[in-house]
């Protein structure tokens, strides 16, 4: 009789376990589906928000300079986004076309001459001009290479972006050796960081793009570059450990 009563109890326990496993499987699937949807929609939503914010910012900046008679919202029941961006693009392109001509260059030289006579405005304008030329000019000297430098302590390596070597006056006063300009961005805000001159022999140049390095910095290492760069980093770590072992040999007791 005891065996007869035990069988229904065992069957009930098995059924309860199966129901619990089914519920756990459904919950896991729902969680995975939600995370998959978040991964797909998250980057798209952030990208759309950034683009929309930029378009709105340009529109609000340019709209006050457009007469009411030429604004689309004057004739339409709703504003047309992107109008200011199109006008700004056309205006900048026209300005570049005029500057490329002889008359335009003379006007630019005249304007720069006036700015260079202003004590406070002159350094600000010259600095901004050099930065924009480095970033957007074809002949500029923007960041070209990515390298590793041993910082902030031995055995610890940081990413740096390399640009031009120091000019003649600086190169003469620096210690002997070939130096290069290096910018070390901070994580996760790469617009701030440290700028310094470093010996080229103390750098390990990486075969990755500047965009990949910036992605690595902004994500704090969560988004890694391609596999080749990973092999280089692993090889570098092994070399650093070997060099550290040579510098600090183990003394046998």
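Remarks
- Of all residues making up the stretch 62-90, the number that are in contact (Cβ under 8 Å) with a residue 24 or more places away in the chain and part of a helix (DSSP H, G or I): 6
- Strands (runs of 3 or more DSSP E) enclosed by the stretch 128-191 - at least 2 residues per element that are modelled with pLDDT of 75 or more, in the same structural domain as residue 215 (by TED's automatic domain parsing) and more than 20 Å from the chain's Cα centre (by Cα): 179-185
- Residue 161 vs. criteria within 24 Å of residue 132 (Cβ to Cβ), in contact with a helix residue (DSSP H, G or I) (Cβ under 9 Å, 6 or more places away or on another chain) and crowded, with 18+ Cβ neighbours inside 10 Å: yes
- Criterion applied to 16, 95 was being surrounded by 10 or more Cβ atoms within 10 Å (Cβ to Cβ), out of contact with any strand residue (DSSP E or B) (no Cβ under 8 Å at 6 or more places or on another chain), in a helix (DSSP H, G or I) and at pLDDT 80 or above, and the one residue passing it is 95.
- Residue in the stretch 49-60 that is at pLDDT 70 or above, under 30 Å from the mean Cα position of the chain (by Cα) and more than 30 Å from residue 219 (Cβ to Cβ) present: yes
- Within the stretch 99-118, no residue that is in contact (Cβ under 8 Å) with a residue 24 or more places away in the chain sits with its Cβ atom under 6 Å from a residue that is part of a helix (DSSP H, G or I) and surrounded by 10 or more Cβ atoms within 10 Å (Cβ to Cβ) at 6+ positions apart or across chains.
The values are calculated or read from the model by the stated rules, or taken from the named source; none is laboratory data. None of the values given here were measured: they were computed from a predicted structure. Virtual Cβ from ideal backbone geometry, glycine too; neighbours counted across all protein chains shown.
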